[in-house]
Amino acid sequence: MKLHIRKSYESDKQEISDVVIAAFGVVHGREITDLITGLMADPRAQPLLSLVATANDHIVGHHCCPIKG
């Protein structure tokens with residue numbers, strides 16, 4: 001399987017959520033998804049690095065963190 005890393009897009013939100021829930025289970029996955037959504041929407045967290053790993057055009061991983069200079 002060949003992985004590709006790219007910037008995440010707004011249209012990736014549902015697939016990112018699905019990957020997080022698959023990785024952490026329904027209860028914890030939804031909590032983590034809420035944290036990710038909040039971080040991405042928080043202007044104080046900008047600039048923000050949000051990357052996805054894809055395989056066969058499907059998201060299989062996500063990384064998100066604020067970038068402080």
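Each residue, Ile5 and Val26, gets one label point 7 Å from its Cα in the Cβ direction; the gap between the two is 3.4 nm.
Placing dummy labels 7 Å off each Cα toward the beta-carbon, the span from Leu39 to Thr54 is 2.2 nm. In the chain, Cα pairs under 8 Å separated by at least six residues give a relative contact order of 38 percent.
Subtracting the Cα-Cα distance of Gln46 and Asp18 from 0.36 nm times their residue separation leaves 7.7 nm of extension gain.
When a 1.4 Å probe is rolled over the protein heavy atoms, the share of accessible surface on the chain that falls to carbon and sulfur comes to 60 percent.
Couplings for the range 45-54, taken from phi via the Karplus curve 6.51 cos²θ - 1.76 cosθ + 1.60 with θ = phi - 60°, read 8, 7, x, 10, 9, 10, 10, 10, 9, 10 Hz in order; Gly and Pro are left as x.
Basic side chains Lys and Arg get +1 at the Cβ, acidic Asp and Glu get -1 at the Cβ, and with that the dipole of the chain about its Cα centre reaches some 280 debye. Close amide-amide hydrogen proximity is noted between Ser8 and Ser50, Leu51, Val52, each under 5 Å apart and 5 or more residues distant or on a separate chain (H modeled in the peptide plane; Pro and chain starts excluded).
The overall shape of the chain, judged from the alpha-carbon gyration tensor, is oblate: a/c is not under 1.5, and a/b is no greater than b/c. Calculated accessible area for the chain comes out at 73 Å² per residue, all protein chains present (probe 1.4 Å; ligands, DNA, RNA ignored).
Around the amide H of Gly61, modelled in the peptide plane, lie the amide H atoms of Ala53, all under 5 Å away and 5 or more residues distant in sequence or on another chain.
When only DSSP loop residues count, what trypsin sites (Lys or Arg not before Pro) in the chain have their Cβ near at most 13 other Cβ atoms within 10 Å? Listed in order of number, the matching sites are Lys2, Lys68.
The values are calculated or read from the model by the stated rules, or taken from the named source; none is laboratory data. These numbers come from a predicted model, not from an experiment. Reconstructed Cβ throughout: ideal geometry from the backbone, glycine too, with neighbour counts over all protein chains shown. Surface accessibility is based on the protein's heavy atoms, side chains included, excluding ligands, DNA and RNA. Shrake-Rupley method; radii C 1.70, N 1.55, O 1.52, S 1.80 Å.
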